[in-house]
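Novice: Dumping the structure here so I can ask a few things about it.
The values are calculated or read from the model by the stated rules, or taken from the named source; none is laboratory data. Computed from a predicted model, the values in this text were never measured in an experiment. As a convention, Cβ positions derive from the backbone with ideal geometry for all residues, glycine included, and neighbour counts pool all protein chains shown. When the accessible area is computed, the model is the full protein with side chains, heavy atoms only, and any ligands, DNA or RNA have been set aside. Shrake-Rupley method; radii C 1.70, N 1.55, O 1.52, S 1.80 Å.
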Amino acid sequence: GSGVNVPLFSDLKRHNMGPRLAETFERGEIANEDFITARLWGIADTAPYLHDARATTLTEAIEYHGGEAQTARDNFLALSAADQTLLLTFLRSLRTPKNPNEELLPL
């Protein structure tokens, strides 16, 4: 009955993200395209982005998505420049709380 509401912005599920984000290995193993959805909470504090830090901007990180995220990627790219800016501004507002005991909401 106690706890806090943490706005992770993640489903914490494993998803196929397509070949552009696949892990690469040096010994012939099969590349892994499956990743657990990273939390967006705190994304403003975590550049560079993606599991291997290959994206230096949020836009680049979105553009790398494929597989199960292809539709979300395509929808972002289809937005007007103004709407892309609004979405990126929102993402940049998702900071990790400095005082989580005070900033998180009780359940």
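Novice: How large are Rg and Dmax for the chain when only the alpha carbon atoms are used, in Å?
Specialist: Over the chain's Cα set, Rg and Dmax evaluate to 15.9, 49 Å.
Novice: Just to confirm a number: summing +1 for Lys and Arg and -1 for Asp and Glu over residues other than H15 whose beta-carbon lies under 13 angstrom from that of H15, what do you get?
Specialist: Net charge around H15: -1.
Novice: ³J(HN,Hα) across region 62-79 via Karplus (A = 6.51, B = -1.76, C = 1.60, θ = phi - 60°), whole Hz, x for Gly/Pro?
Specialist: 5, 4, 6, 5, x, x, 5, 9, 4, 5, 4, 4, 4, 5, 4, 5, 7, 5
Novice: Ignoring everything but the protein chains, give the 1.4 Å probe accessible area of F90 in square angstrom, nearest 10.
Specialist: Near enough 90 Å² of accessible area.
Novice: Something else: Considering only protein heavy atoms, with the full assembly of protein chains and a 1.4 angstrom probe, order H65, H51 by accessible area, largest first.
Specialist: Largest accessible area first, the residues go H51, H65.
Novice: Relative contact order for the chain: what is it in percent, counting Cα pairs under 8 Å that are at least 6 residues apart?
Specialist: After rounding, I find 35 percent.
Novice: So, one more: Say the dipole of the chain comes from +1 at the beta carbon of Lys and Arg and -1 at that of Asp and Glu; which of A78, L58, T24 then lies farthest toward its positive end?
Specialist: The residue sitting farthest along the positive end of the dipole is L58.
Novice: Would you kindly find the accessible area of R92, with a 1.4 Å probe and non-protein molecules such as ligands, DNA and RNA excluded, rounding to the nearest 10 Å²?
Specialist: Ignoring ligands and nucleic acids, R92 comes out at about 130 Å².
Novice: If you don't mind, another one. I'd like the distance separating the alpha-carbon centroids of region 74-98 and region 35-69, in whole Å.
Specialist: Each part's Cα centre sits 12 Å from the other's.
Novice: Another one. Might you work out the accessible area of I62 for me, using a 1.4 Å probe with all protein chains in place, and round it to the nearest 10 Å²?
Specialist: 30
Novice: Something else: Taking H placed 1.01 Å from N in the peptide plane, check which residues at least 5 places from H15 or on another chain put their amide H under 5 Å from its amide H.
Specialist: F35, I36, T37
Novice: Sticking with this one: Would you mind counting up the charge near L79? Only other residues with Cβ under 14 Å from its Cβ, with Lys and Arg at +1 and Asp and Glu at -1.
Specialist: -2
Novice: Follow-up. With charges set only on the Cβ (+1 for Lys and Arg, -1 for Asp and Glu), what does the dipole of the chain come to about its Cα centre, in debye to the nearest 20?
Specialist: Taking the Cα centre of the chain as origin, the dipole is about 220 debye.
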